[in-house]
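Just so it is clear, none of the values below were taken in a lab; they were calculated from the coordinates. For clarity, every value in this text was computed on a predicted model and none was experimentally measured. Every residue, glycine among them, receives a Cβ derived from its backbone with ideal geometry; neighbour counts consider all protein chains shown.
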Amino acid sequence: MEDVLSIVKSGGDNHELSQVEKLSLDEAIHLAWSNDDWCSLLELVYRKAKPKVFDYQHSLTGLNALMVFAGKGKVDDMCMLLSLGANCHLKAKDGTTALEIAEKENQPVAVELLKKYMNKDFSVKEEKNLLDRYLATANLKDVDVVLIEQLLRKICIDSKDGSIIVFLPGWDEIVRTRERLLSSSFFNKRSKFKVVSLHSMVLASEINEAFMPATHGCRKIVLSTNIAETAVPLDDLVYVIDTGLVKEKSYDPCKDLFTLQSSWISKASAKKREGCASRCHPGACYHLYSKVQADSLLDFQDPEIKRMPIEELCLQVFIFLN
């Protein structure tokens, strides 16, 4: 979760930049880099202090505000952007990062600042701050469909190929995630994205679509329960998003009730889900739970015989044998 929050900056604004805003940022970045004219860029960056704005990259050069500030040695403005969560790992069109631009332009103070920020200890502290802020408003046992959409969008923007699977605990979460994606202006283009579900309640025709490779230029997104861990080999999967949850049937002896609740998966299940990303292609898996939670997972799931009363099973066996 710490890494995912760093990637998508989930606390950021969901607002998509308009064409006018993109043109304004293109011009402001160009003026700042070429003519040392900072007025427009500073106004745009600080008036709308959101990742969509300060991480925006020039349409031709790929430069963003942090790269320009680093190359020109504007350390105070760099500190402000970094404190707001600017991504210092982004690359310009020529493949250079803000750090490499600062080194090339001989800006030693900017270089030292970026190295300190990218230092592992600093990153761990920043990750913890991101996680603490997220947990203050979220419940890890509830599926965050907004975060899933943001991560899916990030994957689709950063890469062009490879199907994606999202492991969800049950049907309700599949429906909510599907509705969220299909109502998004980014994912509702059927020519570019095919969203399919894997669940026992799904029609056979849609289940078959999950096995069919997407057409050229179209990306397949599979919303599935734990059925896809081992029983369903999807050969074209490259990316996995693992919520870490599964619906389990259990029995409450005090209330004499059967319940179906979300619970944490085991380490063995987490490993199986990771493996879905690399069966046939190199892939990546994003776990939507913290490193502490990952360490506390059981090695294996409790078998159902330990969670359910066996009286009914014994009665069925007795009837069958007689």
Each residue of the stretch 106-118 in order: what ³J(HN,Hα) in whole Hz does its phi give by Karplus 6.51 cos²θ - 1.76 cosθ + 1.60, θ = phi - 60°, with x for Gly and Pro?
6, 10, x, 5, 5, 4, 5, 5, 5, 5, 5, 5, 7
Quick one: order Leu113, Leu41, Leu152, Leu90 by neighbouring beta-carbon count within 10 Å, fewest to most.
Leu90, Leu113, Leu41, Leu152
Relative contact order (%) - criterion: Cα under 8 Å, at least six apart; region: the chain:
14 percent
Size of charge dipole - the stretch 2-135 - debye, nearest 20, with Cβ of Lys, Arg +1 and Asp, Glu -1, no other charges:
200 debye
Compute a Gaussian network model of the chain, connecting alpha carbons closer than 10 Å, and tell me which residue from Tyr239, Tyr251, Tyr46 fluctuates the most.
Tyr251
Which entries of Lys22/Lys104; Lys91/Lys271; Lys249/Lys272; Lys52/Lys189; Lys115/Lys291; Lys52/Lys104 show an alpha-carbon separation above 29 angstrom in the structure shown?
Lys91/Lys271
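Looking at the stretch 187-245, which trypsin sites (Lys or Arg not before Pro) are in a loop (DSSP not H, G, I, E or B) and have at most 16 other Cβ atoms within 10 Å?
In loop regions of the stretch 187-245 (DSSP not H, G, I, E or B), the sparsely surrounded trypsin sites (Lys or Arg not before Pro) are Lys189, Arg190, Lys192.
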Order of Ile7, Ile164, Ile174 from fewest to most other C-beta atoms within 10 Å?
Ile7, Ile174, Ile164
Dipole magnitude (debye, nearest 20) for the chain, charges at Cβ of Lys, Arg, Asp, Glu:
360 debye
Rank Thr243, Ser200, Leu41 by how far each Cα sits towards the positive end of the charge dipole of the chain (+1 on Lys, Arg Cβ; -1 on Asp, Glu Cβ) and give me just the farthest.
Ser200
